[in-house]
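J.: First the structure, which I've put down as structure tokens, then a few questions once you've had a look.
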Amino acid sequence: QLRVVGPGQPVTATVGQDVVLPCHLSPRRDARSLEVRWIRDHISETVHHYRNGEDLYGEQMEAYAGRTEL
């Protein structure tokens, strides 16, 4: 089973600062050919969507427009 693994501790940032949210696949696999969708769990809206080597911004929440990349 393929899993996304994030950091073991919280990621903190200052307002306005760029932040990298590190993660990797377990077992290790190249994600370029996969579909990756980051959603806000409590509202199920898209923060970021990646498929076939492209970032797809069309369905992204307005609050995150221009603020994410994979």
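The values are calculated or read from the model by the stated rules, or taken from the named source; none is laboratory data. The structure presented is a predicted model; accordingly, all values stated were derived computationally and were not measured. Virtual Cβ from ideal backbone geometry, glycine too; neighbours counted across all protein chains shown. Keep in mind that these areas ignore ligands, DNA and RNA; they rest on the heavy atoms of the full protein, side chains included. Shrake-Rupley method; radii C 1.70, N 1.55, O 1.52, S 1.80 Å.
J.: Give me a count of the residues in segment 13-40 that are of a type in the set (D, E, K, R) and in contact with a strand residue (DSSP E or B) (Cβ under 7 Å, 6 or more places away or on another chain). It would help to see each step written out before you state the result.
T.: As a first pass, look at segment 13-40 and keep what is of a type in the set (D, E, K, R): 18, 28-30, 32, 35, 37, 40.
From what's left, in contact with a strand residue (DSSP E or B) (Cβ under 7 Å, 6 or more places away or on another chain): 35, 37, 40.
Residues in segment 13-40 being of a type in the set (D, E, K, R) and in contact with a strand residue (DSSP E or B) (Cβ under 7 Å, 6 or more places away or on another chain): 3 in total.
J.: Inside segment 40-70, can you point out the residues that are of a type in the set (A, V, I, L, M, F, W, C), modelled with pLDDT of 90 or more, under 24 Å from residue 17 (Cβ atoms) and surrounded by 11 or more Cβ atoms within 10 Å (Cβ to Cβ)?
T.: Result: 47, 61.
J.: Within segment 1-10, track down each residue that is open to solvent by less than 80 Å² (accessible area, probe 1.4 Å) and within 14 Å of the chain's Cα centre (by Cα).
T.: Of everything in segment 1-10, those that are open to solvent by less than 80 Å² (accessible area, probe 1.4 Å) and within 14 Å of the chain's Cα centre (by Cα) turn out to be 5, 6, 7.
J.: Next up: Regarding segment 15-30, can at least one residue be identified that is touching a Lys or Arg at 6+ places or on another chain (Cβ under 6 Å) and either modelled with pLDDT of 90 or more or surrounded by fewer than 10 Cβ atoms within 10 Å (Cβ to Cβ) (or both)?
T.: Taking segment 15-30 as the starting set, the residues that turn out to be touching a Lys or Arg at 6+ places or on another chain (Cβ under 6 Å) are 26.
Cutting the leftovers down to either modelled with pLDDT of 90 or more or surrounded by fewer than 10 Cβ atoms within 10 Å (Cβ to Cβ) (or both) gives us 26.
Yes, segment 15-30 has at least one match.
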